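Chemist: What follows is a single structure, and I will ask about it in a moment.
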Amino acid sequence: MFVRHLSCTDCHSAKARNLGEGGACLVADTPPLVGSEVYVGFLLRDDPFPVVAMARVVWTKPETGQGLMGLAFVEGGAGQRHAMARLADYLGARRAAKAASA
């Protein structure tokens, strides 16, 4: 997973702690400032193409040697809608598989 500010070319790696249709909680070495708009990219299991979406940092919290950040996915053009549809399909399939195995 990566996080990149909209206004610069630096990419930072991050790990997803929680991922949902409205946003994500990530762990990163250097979380961006609250209010920053970022691109976030991640691979979904069994999907070879990354999902790249725009998000806004809505909160940060220091954690030992790293930091947590909460992202809210933002409304956008066709590319953003496509990314959010792929994410929704993926999460729906994961919920259905979990329910079927319970």
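The values are calculated or read from the model by the stated rules, or taken from the named source; none is laboratory data. Everything quoted here is computed from the prediction, not taken from an experiment. Virtual Cβ from ideal backbone geometry, glycine too; neighbours counted across all protein chains shown.
Chemist: Could you please tell me which pairs satisfy a Cβ distance under 8 Å, a separation of 6+ or placement on different chains, a first residue in the stretch 43-68 that is more than 15 Å from N18 (Cα to Cα), and a second residue that is in a strand (DSSP E or B) and aromatic (F, W, Y)?
Modeler: Taking only residues 6 or more apart or on different chains, the pairs are P50/F42; V51/F42; V52/Y39; A53/Y39; A53/F73; M54/Y39; M54/F73.
Chemist: So which residues in the stretch 20-46 are farther than 29 Å from G92 by Cα and surrounded by 13 or more Cβ atoms within 10 Å (Cβ to Cβ)?
Modeler: P32
Chemist: Can you confirm whether F49 is out of contact with any Ser or Thr (no Cβ under 9 Å at 6 or more places or on another chain), at pLDDT 80 or above, loosely packed, with under 11 Cβ neighbours inside 10 Å and within 23 Å of R94 (Cβ to Cβ)?
Modeler: Considered against the rule, which asks whether it is out of contact with any Ser or Thr (no Cβ under 9 Å at 6 or more places or on another chain), at pLDDT 80 or above, loosely packed, with under 11 Cβ neighbours inside 10 Å and within 23 Å of R94 (Cβ to Cβ), F49 comes out as yes.
Chemist: Can you tell me which condition R17 does not meet? The list is (1) charged (D, E, K, R); (2) assigned to a strand (DSSP E or B); (3) farther than 11 Å from M69 by Cα; (4) at pLDDT 85 or above, and all the others hold.
Modeler: Failed condition: (3).
Chemist: Ok, one more. Could you please give the count of residues in the stretch 22-39 that are within 17 Å of A85 (Cβ to Cβ) and in contact with a Leu (Cβ under 6 Å, 6 or more places away or on another chain)?
Modeler: Count: 2.
Chemist: Sticking with this structure for a sec: Contact list please: Cβ distance under 9 Å, first residue in the stretch 76-87 and over 16 Å from L44 (Cβ atoms), second residue surrounded by fewer than 12 Cβ atoms within 10 Å (Cβ to Cβ) and not hydrophobic (A, V, I, L, M, F, W, C), pairs at least six apart or on different chains.
Modeler: Pairs found: R81/E75.
Chemist: Same structure, new question: In the stretch 71-102, what residues are surrounded by 12 or more Cβ atoms within 10 Å (Cβ to Cβ) and over 17 Å from the mean Cα position of the chain (by Cα)?
Modeler: The one that is surrounded by 12 or more Cβ atoms within 10 Å (Cβ to Cβ) and over 17 Å from the mean Cα position of the chain (by Cα): A93.
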